[in-house]
Structure formats: C-alpha cells, structure tokens
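Written out below as structure tokens is the structure these notes cover.
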C-alpha cells in the first residue's frame, strides 16, 4: 500500500497514472484511507497533483467506485470526488446522494453538501440549512459554502439575526464561521460588531481574512481593520496557526502600517506586533513544528519591526488608554503614565478597572487610595477579591 501511495504522489508519470487508475478502478478504500492519513504531511501542491491525477482517472465506467470513498472525508479530495460523480452521474446518483445526505454519516453528509453545489436539487436545500451549524466542522463548512453558491438569502439572514441576538460566544463563533464560508462580504461589519463584545475576539479575528482580504478591509473600514489585525496578532501561536502569517500577508500588512501616517491606533498595533514577533522568535517553542517558509516569514517580520524606532510609537500610545478605545487593553501594556491609567479607575467596565489596577501595581503606583477608588466602582465579587489580593 505504501508503495502505491508513493507512486501516486511521485513524479513518474507512468507510475502515478497507473496508481491513480488502480485507486479509482478498484475503489480500494484502504488505499484511499492511507492517502488521507498523509494529508497533514503532504505539501499543498502535491495534494493538488494527486487530486488532478485521480480526476483524470475517472470515467463513466468507474465513477461509481468513488462512492466507497465517501466513508472517509478529506477536504483535499472532496471536490474531485463529488465533481466527478456530478459529471458522470445521472438522476439516480442525485437521489442516492440525497439519501446519504439524509441518513449517512457526517463524513458522507460532508461530501453530499459539496455535491449539491454542483448539482442543483430543491430537496437538498432544507438539508443544507439543517446541517449548516453542525458540530462537525467539515459538514457545517461545506453546507455554508454551498448555500453561498446557491445565494440562499434565508440562511444568510438567519445567521445575521443570530449574531444580532448576541448568543453564547461559542454559538456566535459558529455563526461567524458560517458567514465567512458563505462568502457575503456584507456580513463583515455585523461580524466585527459581534467581535467587539465577544470573549473570543482572537478566534473571530482569525476567521475574517477568509471572508475579506485584510488590505480590502483596511481600505473600507480602517479602524475596524486595525482592530481585526490587532486581534490576529494576539492570537498568533495561540488560537491562530502560525502559517497564517503567509496566508494573511502579514509582512505586507505590517509594512503598510509602518508607511502609514502615524497615529495612536497604528502605533499601538505596531507595538503589539513587535512584542509578539519577538516572543515568537526568542526560542523554538512556537516554531518547532513549522515549515521553513513560515519560520522565515516570522523572522522577516520581526526584523522589519525591530528596525523601527519604537519610541515614536510609545509617544502616542497614551491616546488609546481610554474606556471607549477598542485598543485600550493593548495600549495599557505599553503605558507608563500612572495619571493616565488612574483615569480608568472611574470606568464603568469592571474588567478594565481590574486591568488598570494591575498596571498600576506593575508601575509601583498601587496604594490603598487607588484600591479604594477602584473598589467603589466594582460589584463583581471575584474582581473585588483579586483587587484586595493585589
């Protein structure tokens, strides 16, 4: 089996054509499983080559063998499989996929969701809507993509309504993932408005570039775009995988911010970026499993940032140390003016008051008077206890 996979993924045309033909002609599920198990270890261009080879091996006589592969879902080969069934299939195949969508496994349903993006079927619409918020990520993603292809306005409006209702943060994140997969850029501001009040800001920020390019976002909504970028920076290496520095074009984004006329928001984001990329490169804890391209890009971004005079940024950061700033928590990490920080003790945001008290302690400016002012504005017993303990 390993030899067949080696041939299928290799460079020898005669060997890979023979291996692809065997896979499709035999419908060998073990071989397909072995291929899928290697998904995380193959470069994208190799998986694309394999996908093309399988596609060329399919014909009207053997396409039904692809049904055997529906038991094991692979995002890398899903389009090849369902597009082939759609091309060579007929009404019977459409009915079979419909039945699988109703009663199959989540893996089978995930394939079906993509299939109905190629083959229009009125009955599939209710199933796509029903499964669009499934706990199975591949199934929910494929449903959202297909509903977007179908331009199903009902499911889009329902998702926007759910965001506006401000549900549980994790439910909101599901809705955000639906909207980014659906692909309507009109959803960008409802998503960001949800993000502002969410405890999962970094998770949401990491989804947004799949809906809209960050340069386009900055051009359309500069402040909101900077807020998204700041949270992407916060999430790197934590909730957002490091290879996204390439996917999101972060080097070019940061370069454009450096060239941008300097203001307090840009200064705050750049300070945050500098500290993050210094942290990512101080040892190999974060980058150990990353490929060379990702490691090099992280180093390049760090060099770009550390060449700049951060004192120019630090001079402006205090302007964002105010309750109504989207960047106040980040700005507090770099603020050394205790008078500015003390103004936050009268905030209506109890979490922000706690953060201000912590910063004042770090600045050596925490005393009983500061605590008294802070505690007068705090009703949350847990926050009160933390302040007492500081």
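Tabulated results
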{"read-out": "Counted residues, segment 51-65 - those being surrounded by 18 or more Cβ atoms within 10 Å (Cβ to Cβ) and either at pLDDT below 95 or outside any helix (DSSP H, G or I) (or both)", "value": "1"}
{"read-out": "Residue 147, sole failed condition from (1) in contact with a helix residue (DSSP H, G or I) (Cβ under 9 Å, 6 or more places away or on another chain); (2) more than 22 Å from residue 229 (Cα to Cα); (3) surrounded by fewer than 22 Cβ atoms within 10 Å (Cβ to Cβ)", "value": "(3)"}
{"read-out": "Total residues in segment 250-269, condition free of Cβ contacts under 8 Å to residues at least 24 places away in the same chain and either outside any helix (DSSP H, G or I) or within 14 Å of residue 204 (Cα to Cα) (or both)", "value": "2"}
{"read-out": "Residues located in segment 199-216, provided they are in contact with a helix residue (DSSP H, G or I) (Cβ under 6 Å, 6 or more places away or on another chain) and either over 18 Å from residue 179 (Cα atoms) or modelled with pLDDT under 95 (or both)", "value": "199"}
{"read-out": "One residue from 40, 25 being within 34 Å of the chain's Cα centre (by Cα) and surrounded by fewer than 16 Cβ atoms within 10 Å (Cβ to Cβ)", "value": "40"}
{"read-out": "Qualifying position, being within 21 Å of residue 278 (Cα to Cα), modelled with pLDDT of 95 or more and either in a helix (DSSP H, G or I) or more than 12 Å from the chain's Cα centre (by Cα) (or both), among 230, 219", "value": "230"}
{"read-out": "Tally, over segment 238-249, of residues that are touching a helix residue (DSSP H, G or I) at 6+ places or on another chain (Cβ under 6 Å) and either in contact (Cβ under 8 Å) with a residue 40 or more places away in the chain or closer than 16 Å to residue 279 by Cα (or both)", "value": "6"}
{"read-out": "Number of the exception - residue 348 against (1) over 20 Å from residue 264 (Cα atoms); (2) not in a loop (DSSP other than H, G, I, E, B)", "value": "(2)"}
{"read-out": "The listed residue being outside the structural domain of residue 281 (by TED's automatic domain parsing) and under 29 Å from the mean Cα position of the chain (by Cα), out of 326, 354, 363", "value": "326"}
{"read-out": "Failed item, numbered, when residue 309 is tested on (1) touching a helix residue (DSSP H, G or I) at 6+ places or on another chain (Cβ under 8 Å); (2) more than 16 Å from residue 374 (Cβ to Cβ)", "value": "(1)"}
{"read-out": "Qualifying helices (runs of 4 or more DSSP H) (wholly inside segment 66-127; at least 2 residues being within 21 Å of residue 50 (Cα to Cα) and modelled with pLDDT under 95)", "value": "none"}
{"read-out": "Unique residue being at pLDDT below 95 and more than 21 Å from the chain's Cα centre (by Cα) when the list is 285, 290, 320, 278", "value": "285"}
{"read-out": "Evaluation of residue 6 against (1) farther than 27 Å from residue 292 by Cβ; (2) surrounded by fewer than 16 Cβ atoms within 10 Å (Cβ to Cβ) (one fails), failing number", "value": "(1)"}
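The values are calculated or read from the model by the stated rules, or taken from the named source; none is laboratory data. Remember, it's a predicted structure, so these values are computed and weren't measured experimentally. When we count neighbours, we look across all protein chains shown, and the Cβ atoms used for this are built from the backbone with ideal geometry, even at glycine.
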